[in-house]
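Working notes for the structure below.
The values are calculated or read from the model by the stated rules, or taken from the named source; none is laboratory data. A quick note: this is a predicted structure, and the numbers were derived from the prediction, not measured. We place every Cβ from the backbone using ideal geometry, glycine too, and count neighbours over all the protein chains shown. Accessible surface is based on the protein model in full, side chains and every heavy atom, while ligands, DNA and RNA are left aside. Shrake-Rupley method; radii C 1.70, N 1.55, O 1.52, S 1.80 Å.
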Amino acid sequence: MLRHSIIVQATLPFASPEVLDPGYQRIFPLSLFDYEQEKNSSTGPPPNVTPHDARHDLEALFWCMTYICMTREGPGGKRRKELRPEFEDEDNTDVMELRYINYCFFSSDQKALIHNKKKLFIV
């Protein structure tokens with residue numbers, strides 16, 4: 001008997017939490033046709049996995065643009081001096097906040113990325 005497997009192919013910092021988290025509650029269910037086809041197959045009903053959609057690509061583009069805007073100085077693409085390892089100004093709260101935000105949304109582990117991105121958009 002074939003079983004469903006969950007394989008996520010995404011660039012972790014830029015991926016949607018909906019794609020990264022297998023337990024994420026789907027906003028849009030599978031189409032009725034897809035569900036009936038899966039239900040009648042030998043592999044059983046579909047797993048609780050969100051199918052990749054165009055909205056996930058748009059969200060990845062959003063995260064890429066956010067990353068570029070946060071980490072680059074401007075034209076030329078140099079990394080912001082505040083984020084370079086040799087930059088030492090730990091007394092500046094703005095610099096520490098920028099580093100913390102950068103870490104939370106782009107450099108932390110998968111579980112933290114999912115949590116942080118979900119919390120960002122919950123009103």
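A 1.4 Å probe, protein heavy atoms only, puts the accessible area of Phe105 near 40 Å². Using heavy atoms of the protein chains and a probe of 1.4 Å, the accessible area assigned to Met70 is about 30 Å². Using the Cβ-Cβ distance between Leu12 and Glu97 with R0 = 25 Å, the FRET efficiency computed as 1/(1 + (r/R0)^6) comes to roughly 0.65.
The amide H of Arg72, built 1.01 Å from its N in the peptide plane, has Arg80 as neighbours under 5 Å, considering only residues 5 or more places off or on other chains.
Residue order by solvent-accessible surface for Cys64, Cys104, Cys69 is Cys69, Cys64, Cys104, largest first, with ligands and nucleic acids left out and a 1.4 Å probe. In the assembled protein chains, Ile101 presents an accessible area of approximately 60 Å² (probe radius 1.4 Å).
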